[in-house]
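**Student:** One structure, pasted below without further comment.
The values are calculated or read from the model by the stated rules, or taken from the named source; none is laboratory data. Note that this is a predicted model, so its numbers are computed, not measured. Glycine also receives a Cβ, built like all others from the backbone with ideal geometry; neighbour counts cover every protein chain displayed.
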């Protein structure tokens, strides 16, 4: 076996990445500003009015005041950078941030098998001081999302195990 074959075998991805459903997240958009063409691409900025999240281990509301910085690239892919604050049904506050892509319609039609309707693909991290939800501090999550305007995006969020 050549060294390149051995390396490829050592880093081959698993048949599937183990993931567990965490929650469904829906966001309400308060307003949006179109900043315009910058040296890095077209920039937009949106305010988060609130929203909801619900799963088997946690549920609650999205606090108003979050933001979404959107960079529209020349290939029409939108890079998103979102910061929101979740409040659980029992009062814990959880900072959530995620980054990823919103693919143009032409790419979602021929996208990943079984996920062609999911224009958003994001990766999320959490921070929480409440001991009941400390397990989130080491959680990496991925989300697949959709958006049908005028509503905000809706994601199915999964923790990677």
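**Student:** Residue check: is residue 94 touching a helix residue (DSSP H, G or I) at 6+ places or on another chain (Cβ under 7 Å), modelled with pLDDT of 95 or more and surrounded by 16 or more Cβ atoms within 10 Å (Cβ to Cβ)?
**Tutor:** For residue 94, the condition - touching a helix residue (DSSP H, G or I) at 6+ places or on another chain (Cβ under 7 Å), modelled with pLDDT of 95 or more and surrounded by 16 or more Cβ atoms within 10 Å (Cβ to Cβ) - is met.
**Student:** Can you name the residue in region 24-81 that is on the phi > 0 side of the Ramachandran plot and touching a residue at least 24 places away in the same chain (Cβ under 8 Å) and, of all such residues, is nearest to the chain's Cα centre (by Cα)?
**Tutor:** Ranking the qualifying residues of region 24-81, first place goes to 51.
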